[in-house]
Amino acid sequence: MFHQPREFTGYEELIMANKGKHLPDSVSRRSDKITILSFFMMLGIVWTHSRLPDWNVVPDYFHQLVLWNEIGQDTVAAFFLITAFLYFRNFSIEKYTEKLKTRFYSLIIPYLIWNTLNAVGWFVTTRLTGNQYVNDSFTFDSVWHFVADIVASKFSVLWYVGVIIVYAVASPVFYYLGRNKRVATASIIVFLIIGISFHHPFCSPIVWMSIYMMGAYLGMHHKDYMFGHQPVSVTIVALLAFPLSVWYSHMHDTMLAVNIRTWASAFFFIGIYDVFDRILHFKVHHIYKYTFFLYATHYILVHVGQRYIIVNANNVAGCWLAYVLVPPLVVVVCLSAAYIQDKHLPRLYDILTGQR
């Protein structure tokens with residue numbers, strides 16, 4: 001697909017690895033970490049959606065257990081950092097148009113397809129069962145509202161992809177700010193201040209600008225940062241700061257707390273991976289290529305599956321069963337579906353996962 005001695009971009013490395021293409025050994029070893037780390041972090045994203053509804057049959061202490069789910073949600077920060085790192089590692093203004101064309105197939109088409117499929121899933125489930133197995137906040141007032149909600153990713157958790165699309169369009173801004181180290185550092189601080197100034201929704205691009213700018217900075221000035229082990233000093237600080245930031249965010253529900261936790265979590269999860277990798281020496285497995293498919297398909301299954309068990313069991317044991325069993329079962333189902341589709345309908349699989 002690509003030939004040496006040209007330099008591979010981080011994005012191309014991931015695409016080739018995900019499609020099972022051969023990479024030069026030096027490139028393959030560098031991309032392995034991001035491929036494996038992304039899969040493990042995605043398991044955290046799946047876990048974060050194991051949240052039981054606020055029904056009488058669900059004991060109050062389950063709402064305290066949400067803390068563990070939120071920790072899984074914190075992996076989003078590391079995804080933003082890694083995405084920016086890969087995007088800007090070999091970025092130039094001359095490549096801007098080319099990158100936008102690539103993102104049309106790798107981001108925009110999968111974003112619209114999966115949001116539409118998830119919306120149809122919610123719509124069909126609602127029409128067949130009422131609000132018994134779905135959140136009653138989902139409404140279908142009109143066709144235009146339905147279409148707008150699809151574009152806004154209301155029926156799925158692909159809002160992250162939507163934010164990345166916005167950042168890709170605005171990439172020249174990040175690029176010019178990031179070329180000079182001092183300007184880049186100042187921009188990170190300014191974006192952080194903007195992020196904590198107003199109470200933005202979690203899925204707002206404004207919340208993630210500072211950590212994305214940090215990823216761009218690393219991609220432009222420390223091109224191998226994500227491929228090797230993170231500096232031990234950074235990992236130690238993150239290991240100490242992350243639990244404190246989790247505690248602080250629960251004591252103080254502010255945008256300051258959100259941004260502190262975001263920064264701590266990004267380097268925490270990368271550092272945790274490095275610690276275990278030194279001991280276990282992770283190897284790439286075929287299953288890791290299905291990370292995006294798992295991301296796009298798991299949410300409605302977890303949501304409906306948990307409510308189905310709780311409604312029909314109607315006891316505390318059913319709540320525990322729904323909370324603990326459904327997420328790993330959904331992971332197995334989604335990965336199996338990805339494998340079958342990849343094997344028997346590879347062209348369709350490539351379109352759905354942006355790997356045309």
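The values are calculated or read from the model by the stated rules, or taken from the named source; none is laboratory data. Since we're looking at a predicted model, the values are computed, not measured. Here the Cβ is made from the backbone with ideal geometry for all residues, glycine too, and neighbour counts use every protein chain on show. Surface areas here come from the heavy atoms of the whole protein model, side chains and all, with no ligands, DNA or RNA. Shrake-Rupley method; radii C 1.70, N 1.55, O 1.52, S 1.80 Å.
Test LYS283 against the stated conditions and say whether it is open to solvent by less than 60 Å² (accessible area, probe 1.4 Å), touching a helix residue (DSSP H, G or I) at 6+ places or on another chain (Cβ under 8 Å) and basic (Lys, Arg). For LYS283, the condition - open to solvent by less than 60 Å² (accessible area, probe 1.4 Å), touching a helix residue (DSSP H, G or I) at 6+ places or on another chain (Cβ under 8 Å) and basic (Lys, Arg) - is not met.
Do you know which of the residues in the range 221-246 that are among the hydrophobic types (A, V, I, L, M, F, W, C) and not in a helix (DSSP H, G or I) is nearest to TYR87 (Cα to Cα)?
Applying the filter and picking the extreme gives MET226.
If you check SER249 against the conditions, is it assigned to a helix (DSSP H, G or I) and farther than 21 Å from GLY44 by Cα?
no
VAL284 falls short on exactly one of the conditions (1) assigned to a helix (DSSP H, G or I); (2) β-branched (Val, Ile, Thr); (3) more than 25 Å from GLU70 (Cα to Cα), and that condition is (1). Filtered by the rule that a residue be surrounded by 15 or more Cβ atoms within 10 Å (Cβ to Cβ), part of a helix (DSSP H, G or I) and free of Cβ contacts under 8 Å to residues at least 60 places away in the same chain, the range 130-162 gives PHE146, ASP149, ILE150, TRP159, VAL161, GLY162.
Going by what's in this entry, would ARG261 be described as on the phi < 0 side of the Ramachandran plot, within 21 Å of the chain's Cα centre (by Cα), among the charged types (D, E, K, R) and not in a helix (DSSP H, G or I)?
When the stated conditions are applied, ARG261 does not pass them.
For the range 233-278, a tally of residues being open to solvent by 70 Å² or more (accessible area, probe 1.4 Å) and under 22 Å from ILE34 (Cα atoms) returns 5.
Would you check if ALA119 is open to solvent by 50 Å² or more (accessible area, probe 1.4 Å), farther than 24 Å from LEU43 by Cβ, part of a helix (DSSP H, G or I) and small (Gly, Ala, Ser)? Answer is no for this residue. State yes or no: is VAL331 within 21 Å of the chain's Cα centre (by Cα) and part of a helix (DSSP H, G or I)? Criteria met by VAL331. Here TYR212 fits the description: surrounded by 21 or more Cβ atoms within 10 Å (Cβ to Cβ), touching a residue at least 60 places away in the same chain (Cβ under 8 Å), out of contact with any Gly (no Cβ under 6 Å at 6 or more places or on another chain) and under 27 Å from PHE276 (Cα atoms). Among the residues making up the range 123-169, those that are of a type in the set (Phe, Trp, Tyr), farther than 21 Å from HIS49 by Cα and modelled with pLDDT under 85 are PHE140, TRP144, PHE146.
Out of curiosity, is TRP47 open to solvent by 40 Å² or more (accessible area, probe 1.4 Å), touching a helix residue (DSSP H, G or I) at 6+ places or on another chain (Cβ under 9 Å) and under 25 Å from ASP32 (Cβ atoms)? Criteria met by TRP47.
For ARG127, the criteria (1) more than 30 Å from SER210 (Cβ to Cβ); (2) touching a residue at least 12 places away in the same chain (Cβ under 8 Å) hold in every case but one, which is (2). Scanning the range 60-97 for residues that are touching a Leu at 6+ places or on another chain (Cβ under 9 Å) and open to solvent by 20 Å² or more (accessible area, probe 1.4 Å) returns HIS63, LEU65, VAL66.
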